[in-house]
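Read through the structure below, which is laid out as structure tokens, and then see the notes.
The values are calculated or read from the model by the stated rules, or taken from the named source; none is laboratory data. All values reported here derive from a predicted model rather than from experimental measurement. Positions of Cβ are backbone-derived with ideal geometry, glycine not excepted, and every protein chain shown enters the neighbour counts. These area figures cover heavy atoms from the full protein model, side chains too; ligands, DNA and RNA do not enter into them. Shrake-Rupley method; radii C 1.70, N 1.55, O 1.52, S 1.80 Å.
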Amino acid sequence: MTITIYDVAKEAKVSMATVSRVVNNNPNVKEDTRLRVQEVIKKLRYTPNAVARGLASKKTTTIGIVLPDIADLSSAEIVSGIESVANMYKYNIILANSCDDKEIEKSIFNSFVSKQVDGIIYLGHSLSDSSKNYLHDTQIPVVLAGNIGLDSEFYSVNINYEKAAYEVTKEFIEKGSKNISIIINKYESQKAQRIIKGYKEALADCKVEFKSNLIVDGYKTYKDSNQIFKTIRNINAEVVITMFDEVALSIMHQALDTGVNIPNELEIISFENTKLLDMTRPKISSIFQPIFDVGAVSMRILTKVIDVEKAKRKGEPYEKEDLEELEAHDNEMYLPYRIIHRQTTK
């Protein structure tokens, strides 16, 4: 049997409003009444609903997390990082899977607003304009974890994709490779654009001609990459840089199945670095990014944004260090990365 606020009020012989005030530590309750209500709460083992408390306090201590794919290893590891910090600061989390569908995503945002979440961490690949406008109108703090917003309109936590793409491309060129292909999921995504920009700058600095056909888009999962190897062979790619581990794994399997020698005939490196790479043979090289830390830092940034925004609205003092840290990065926080050569690169 579920104990409700009505049951507590009836047992304590007070109104439900009084029970609510006691639960929310409202000072406008007589001490003897407060003690009586607290005793009944303990006796009945009543657990106040976080959303119900939020209706009174305007703070639910709840964070909404939007996932593009609940089965995605990278998203799962980011959520682990988010949860570690959420637990530390006593926040609950609500997970919602958008299936990378913009209409479902809109519905999720509406649901989060109705539940009065204190903030949102978005793990999707790109926000639609309508969703951006909606989130701006609601004034709910938003942090993008592992992706980038256009013109830094939301706080985001990533590695510096442009710099990393520049460094890895230049490294392969200096080793003698010229036909370096990049496999992206969506040409218009901000992450893909940053990677392409760094790639092009490296080519230009090394006096290597840019060939548009070496940028191949539309691939994210193992399943949708099962025919990509034909494209790679047709464009004579010597090196393949993928945005996602599943794509790198698919390419490697297709190469091995057709007798192509890895890494002597084809080198493969991924931009994601999930646990999947530790399970492959040969082991796939990667641009290491601390995925767990992306989630943890995103959650910590969100708590700072929530605290600062709440204080501003109430005209209360806030930690100036928090605001300075938020403003120092122009809304983008970069975490360290490194290039890890395993068995799919020379």
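At 0.36 nm per residue, and after removing the present C-alpha to C-alpha distance, how many nm does the segment from residue 80 to residue 139 gain when stretched out fully?
Extra length available between residue 80 and residue 139 comes to 18.6 nm.
For every other residue with a beta carbon closer than 12 angstrom to the beta carbon of residue 27, add +1 if it is Lys or Arg and -1 if Asp or Glu, then tell me the sum.
Result for the local shell: +2.
Along the stretch 240-247, what does the Karplus equation 6.51 cos²θ - 1.76 cosθ + 1.60 (θ = phi - 60°) give for ³J(HN,Hα), rounded to whole Hz, x for Gly and Pro?
10, 10, 10, 7, 10, 4, 4, 5
Calculate one ³J(HN,Hα) per residue across the stretch 255-262 by plugging θ = phi - 60° into the Karplus curve 6.51 cos²θ - 1.76 cosθ + 1.60, and present them in order as whole Hz with x for glycine and proline.
With the stated coefficients, the stretch 255-262 comes to 5, 5, 5, 9, x, 6, 7, 9 Hz.
So which of 191/310; 191/220; 220/275 end up more than 19 Å apart, counting from Cα to Cα?
Too far apart for the 19 Å limit: 191/310.
Name the long-range amide H neighbours of residue 339: under 5 Å, sequence gap of 5 or more, or other chain; modelled H, no Pro or chain starts.
Amide H neighbours of residue 339: 288.
Ordered by residue, what ³J(HN,Hα) values in Hz, to whole numbers, does the stretch 74-85 give under the Karplus form 6.51 cos²θ - 1.76 cosθ + 1.60, where θ = phi - 60° and Gly and Pro are x?
So the Karplus estimates, Gly and Pro as x, are 5, 4, 4, 6, 5, 4, 4, x, 4, 4, 4, 7 Hz.
Roughly how many nanometres apart are two label points built 7 Å out from the Cα toward the Cβ at residue 87 and residue 44?
3.1 nm
Leaving out ligands, DNA and RNA, and with a 1.4 Å probe, what % of the accessible surface on the stretch 161-288 is carbon or sulfur?
Looking at the stretch 161-288 in its full context, I get 47 percent from C and S.
Taking +1 at the Cβ of each Lys and Arg and -1 at the Cβ of each Asp and Glu, which of 47, 225, 198 sits farthest along the dipole of the chain towards its positive end, judged by Cα position relative to the Cα centre?
After comparing all options, I get 47.
Which one, 175, 275, 304, has the greatest fluctuation when you compute a Gaussian network model over the chain with C-alpha springs under 10 angstrom?
175
Long-range amide H contacts for residue 273: which residues qualify at under 5 Å (H placed 1.01 Å from N, peptide plane, sequence gap of 5 or more or a different chain)?
245
May I ask you to give the percent of accessible area on the stretch 5-48 that is carbon plus sulfur, with a probe radius of 1.4 Å?
Carbon and sulfur atoms account for 51 percent of the accessible area of the stretch 5-48.
What whole-number value in Å² describes the accessible area per residue of the stretch 108-200 for a 1.4 Å probe?
Using a 1.4 Å probe on heavy atoms only, each residue of the stretch 108-200 averages 37 Å².
Residues with amide H under 5 Å of residue 217's amide H, sequence separation 5 or more or different chain, H placed in the peptide plane at 1.01 Å from N; which?
Hits under the 5 Å cutoff: 184.
What does the highest-first list of 221-229, 191-199, 256-264 look like by mean Cβ count within 10 Å?
Peptide ranking by packing, descending: 191-199, 221-229, 256-264.
Cβ neighbours within 10 Å, averaged per peptide: list 66-79, 207-220, 156-169 in order, most packed at the top.
156-169, 66-79, 207-220
For the chain, modelled as a Gaussian network with Cα springs under 10 Å, which listed residue fluctuates most, 306, 65, 182?
The residue with the greatest mean-square fluctuation here is 306.
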